[in-house]
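The values are calculated or read from the model by the stated rules, or taken from the named source; none is laboratory data. The structure presented is a predicted model; accordingly, all values stated were derived computationally and were not measured. Cβ coordinates were reconstructed from backbone atoms using ideal geometry, including for glycine residues, and neighbour counts include every protein chain displayed.
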Protein chains: 4
Amino acid sequence: MAQIGARTWVVPGGRVPFPGHGREPEFGSFDQLCVLNATDQEAELSLDFYYEDAEPVGPYRILVGARRIRHVRVNDLIDPEAVRLDRPYGCVLRSPVPVVVQFLRQDTRLPGVVALTGAMAYPG
Amino acid sequence: MAQIGARTWVVPGGRVPFPGHGREPEFGSFDQLCVLNATDQEAELSLDFYYEDAEPVGPYRILVGARRIRHVRVNDLIDPEAVRLDRPYGCVLRSPVPVVVQFLRQDTRLPGVVALTGAMAYPG
Amino acid sequence: MAQIGARTWVVPGGRVPFPGHGREPEFGSFDQLCVLNATDQEAELSLDFYYEDAEPVGPYRILVGARRIRHVRVNDLIDPEAVRLDRPYGCVLRSPVPVVVQFLRQDTRLPGVVALTGAMAYPG
Amino acid sequence: MAQIGARTWVVPGGRVPFPGHGREPEFGSFDQLCVLNATDQEAELSLDFYYEDAEPVGPYRILVGARRIRHVRVNDLIDPEAVRLDRPYGCVLRSPVPVVVQFLRQDTRLPGVVALTGAMAYPG
């Protein structure tokens, strides 16, 4: 399969909304990183999180199989440390093979309201 | 007319929301791929869908006339197999001529709520 | 001032939501094209609208002054013909000087609901 | 750390929604510029705001530390003059080092409704 995408991706505007309302997991509040790996090699991505008031934390590791996607909720990243809810962050993703990364946010902080936003990440 | 765009486009963050509420089709839940073909040749696009836990499925075929747009709901893609609702996917589109592709999601999983998000697809 | 941007921009996923609810103009339903012209020359943009089932219509003309922005609602474009509400379209913008174009949609088809989406247009 | 990004970024479609409803600051209406500086140098960004009917205003200054993010609400920019609420604007950001910029809008003009939209800014 083709090599599509880039090896570095950036999302500057992260912040996991908190709290969420409604049945989990589908109606929770979350930030999500969506990765597509069209290559024939499994990719172990390395993520670093940047903050307003502290040194970057990482690397976090995400495995994306050959010819697979992976949609990862930032809420679920806990190693080397949990990404705190409601704290502004930015994220830099690096991959050994070209991938494509999209950012999505679901905000259910108000009961009975679903707000969505997102963007393609910026290729480095 | 001018050759505008690219021949490969990627959307990593697909997931058709399910269910929808309100009068169909305008208030349904959907993911949509919007294609603009400014060239003077009809374009038969080839789409491959990527998943978290299975090999890619495709090609799906979409015809976009010369000097035409086409807005396709992913919900409506059924050949070679229906794209399952509420299942995370990514999509790679290939075109014989340059086109431009935009992704749009409408989420009406909650009655009385319309949530929208989208992004320009990533040009390969 | 600097030359920033591109001379051709594309938005494939247009469709002015209809109807709208709430006080006009701020709570209406609309698609909007937002142009920034950082150059020292006034720019007369030329827009062509593409459809699913008809030849492109245009050119529409939009003036954007030197060192100015302009936010144009697609609903307000009437010459050479009104862009019909609720009809899928795509748009190609051409400018004699580099500009930057962002697309925004506000959807108030449901009373008491505001949904927003948008994307940077694709530079040709 | 790597040099990631660009030195010029553009957001054409600004307009701080007004008013907002709900507890401040988390439920206010705002436009936000989110900057990630992955370099080892502090960056003093210079922002110019463009309007439909007046000359650009600036420079506004924003400091982003080395290996830091900063999420700035446009509502909070007051020097050399406050960015007026509900007034269409565009923004050009310049940085002495490569950074990445994302735009986010939160619209709470209707009580009990949160609408979000955003886009990666356009790299100059």
**Message:** Looking only at strands (runs of 3 or more DSSP E) that lie completely in the range B:54-124, which have at least 1 residues being closer than 27 Å to residue A:122 by Cβ and either free of Cβ contacts under 8 Å to residues at least 24 places away in the same chain or in contact with a Lys or Arg (Cβ under 7 Å, 6 or more places away or on another chain) (or both)?
**Reply:** B:89-107, B:115-120
**Message:** Any residue that is charged (D, E, K, R) and buried (at least 19 other Cβ atoms within 10 Å of the Cβ) - is there at least one of those in the range D:102-124?
**Reply:** yes
**Request:** Considering each of C:82, C:54 in turn, give the residue that is closer than 24 Å to residue B:41 by Cβ, surrounded by fewer than 14 Cβ atoms within 10 Å (Cβ to Cβ) and among the aliphatic types (A, V, I, L, M).
**Result:** C:54
**Complete:** Checked C:25, C:111, C:88, C:17 against criteria (more than 9 Å from chain D (Cβ to nearest Cβ), touching a Cys at 6+ places or on another chain (Cβ under 9 Å) and under 28 Å from residue B:110 (Cβ atoms)); the one match is C:88
**Request:** State the number of residues belonging to the range A:62-82 that are among the aliphatic types (A, V, I, L, M) and more than 11 Å from the chain's Cα centre (by Cα).
**Result:** 6
**Prompt:** Pick from A:99, A:35, A:64, A:10: which is surrounded by 17 or more Cβ atoms within 10 Å (Cβ to Cβ), among the hydrophobic types (A, V, I, L, M, F, W, C) and within 14 Å of chain D (Cβ to nearest Cβ)?
**Reply:** A:10
**Message:** Let me confirm something: among D:61, D:70, which residue is modelled with pLDDT of 95 or more, in contact with a Cys (Cβ under 8 Å, 6 or more places away or on another chain), among the charged types (D, E, K, R) and more than 22 Å from residue C:99 (Cα to Cα)?
**Reply:** D:70
